[in-house]
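Peer 1: Below is the structure I would like to discuss, written out as structure tokens.
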Amino acid sequence: MNRTRAVVIGAGVVGAACARELSLAGFDVLVLDRGRPAGGTTSHGEGNLLVSDKGPGAELRLAQLSARLWPEIAAELGDACEFDPKGGIVVATTEAGARALSAFAAEQAEAGVRTETLSTVDLAAAEPALTREVTAAVRYPEDAQVQPAGATLALLGSALAHGARLRTGTEVTGAVVRGGRITGVRVPAEVIDADIVVNAAGPWAGEVSTRLGAPIAVRPRRGEVLVTTPMPGVVRHKVYDADYVGAVGSGAGELQTSAVVESTRGGTILIGSSRRRVGFDDAIVPDVLSAIAAKALRLFPSLASAAVMRAYGGFRPYVDDHLPVLGEDPRLENLWHATGHEGAGIGLSVGTARLLRELLTGVPPSMPVDEFTVDRPAVLA
């Protein structure tokens, strides 16, 4: 049995998925988190498992790998995940947007994504409450959703059932390095020995990497979400305006908003989305929430009477080239990074974890990982 000692830093969804895969492979896994499981970025997301917002390339291939894994993993983990393969619908509301959406969907289809162009009649049947001022609509049957905190705790529970251990309230303050390789991490009043260390600290991965002596350029990018009181059946898919894809791919630091609307199993409606770079400033800004709501109302006018019961915001791990970071650090042997997924971490977590397991056990990876490596300009800048 492989009893390689692996310390995973971060008990969010990516860290939990990595801990599960490594535990299944026989590693001696210890998960460290300065707070509690799913207490950071993970609990401030929407639980999206999307292929619809990704153009052809490495990130889409990772999303497709994850889309294949999620159903089987969710079936194993049980109802705590609240896995819902409801599909997504992307709409355009201008002629220019329709042309761009059609071209984008065609490129995705060539890359193996299932797409369905919807007629006006089909769209009305799929989403009766949606505005009729739509110039194009594409359904993505492979899009799905989980309850992010529930899925993370289930992944972590599976890891623990296979021998992993968890320490909460434990902050990593530094590394022990010998001969150019990391041999342990420092926590208050203690050194924890390790054969490998996995930095899965999400938007805090940049700060953690600096403490470990191998800084990577992962920064926080903030997003906000509104939550209504339960309105079962009003929104049936994840529905968003085609300009969401542009917001995801933009590197601009100023506020960007787009209409993203979907329901949960409990009937509440999640309304997003926003993106802005404000460091770790966690203030809720009313103007941002107003901008989000205004765009959502253009898609679903009936939400004007909805009661918003809360709003929340979270930080996403942002990298300038918009690609995850996965691989061993070229400057410090046995330090591995699994971060940089920005708002796609829930969906990409299980694929990322599978690739990490394969790379660490010498199994040919399920897809090429060259574009995710640490030694690229956007990461080492």
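The values are calculated or read from the model by the stated rules, or taken from the named source; none is laboratory data. Remember, predicted model here, so these are calculated numbers, not experimental data. No Cβ is skipped: glycine too gets one built from the backbone with ideal geometry, and neighbour counts run over all protein chains shown. Remember, those area values only see protein heavy atoms, side chains included, never the ligands or the DNA or RNA. Shrake-Rupley method; radii C 1.70, N 1.55, O 1.52, S 1.80 Å.
Peer 1: Among the numbered criteria (1) of a type outside the set (Lys, Arg); (2) open to solvent by 10 Å² or more (accessible area, probe 1.4 Å); (3) modelled with pLDDT of 95 or more, which single criterion is violated by ASP243?
Peer 2: Only one criterion is unmet by ASP243, namely (3).
Peer 1: Check whether at least one residue in segment 195-202 is more than 24 Å from LYS54 (Cβ to Cβ), open to solvent by 10 Å² or more (accessible area, probe 1.4 Å), touching a residue at least 60 places away in the same chain (Cβ under 8 Å) and of a type in the set (Asp, Glu), and report yes or no.
Peer 2: Within segment 195-202 (the criterion being more than 24 Å from LYS54 (Cβ to Cβ), open to solvent by 10 Å² or more (accessible area, probe 1.4 Å), touching a residue at least 60 places away in the same chain (Cβ under 8 Å) and of a type in the set (Asp, Glu)), the answer is yes, since at least one residue qualifies.
Peer 1: Output yes when any residue across segment 3-11 is at pLDDT below 95 and either surrounded by fewer than 23 Cβ atoms within 10 Å (Cβ to Cβ) or among the hydrophobic types (A, V, I, L, M, F, W, C) (or both), and no when none is.
Peer 2: Pass one, segment 3-11, residues at pLDDT below 95: 3.
Still in the running and either surrounded by fewer than 23 Cβ atoms within 10 Å (Cβ to Cβ) or among the hydrophobic types (A, V, I, L, M, F, W, C) (or both): 3.
There is at least one residue in segment 3-11 that is at pLDDT below 95 and either surrounded by fewer than 23 Cβ atoms within 10 Å (Cβ to Cβ) or among the hydrophobic types (A, V, I, L, M, F, W, C) (or both).
Peer 1: While we're looking at this one, here's another question. Taking the options THR268, THR229, name whichever one is open to solvent by less than 30 Å² (accessible area, probe 1.4 Å), at pLDDT 95 or above and of a type in the set (S, T, N, Q).
Peer 2: THR268
Peer 1: Name every residue in segment 137-191 that is touching a Cys at 6+ places or on another chain (Cβ under 8 Å) and either without any contact (Cβ under 8 Å) to a residue 60 or more places away in the chain or under 18 Å from GLY10 (Cα atoms) (or both), in order of residue number. Steps first, answer last, please.
Peer 2: So in segment 137-191, the residues touching a Cys at 6+ places or on another chain (Cβ under 8 Å) come out as 146-147, 150-151, 154.
Once the filter is applied, which keeps residues that are touching a Cys at 6+ places or on another chain (Cβ under 8 Å) and either without any contact (Cβ under 8 Å) to a residue 60 or more places away in the chain or under 18 Å from GLY10 (Cα atoms) (or both), segment 137-191 yields GLY150, ALA151, ALA154.
Peer 1: Of all residues in segment 165-181 being crowded, with 16+ Cβ neighbours inside 10 Å and out of contact with any helix residue (DSSP H, G or I) (no Cβ under 7 Å at 6 or more places or on another chain), which is farthest from LEU359 (Cα to Cα)?
Peer 2: Going residue by residue through segment 165-181, those that are crowded, with 16+ Cβ neighbours inside 10 Å are 166, 170, 172, 175-177.
Next, from what is left, pick out any that are out of contact with any helix residue (DSSP H, G or I) (no Cβ under 7 Å at 6 or more places or on another chain): 170, 176-177.
Working: THR170: 27, VAL176: 23, VAL177: 22 Å.
Ranking the candidates gives THR170 first.
Peer 1: Condition first: aliphatic (A, V, I, L, M) and open to solvent by 70 Å² or more (accessible area, probe 1.4 Å). Now tell me which residues in segment 134-164 satisfy that. Before the answer, list the steps.
Peer 2: Within segment 134-164, the first condition is being aliphatic (A, V, I, L, M), and the residues that meet it are 134, 136-138, 144, 146, 149, 151, 153-156, 159-161, 164.
Result: LEU153, LEU160, ALA161.
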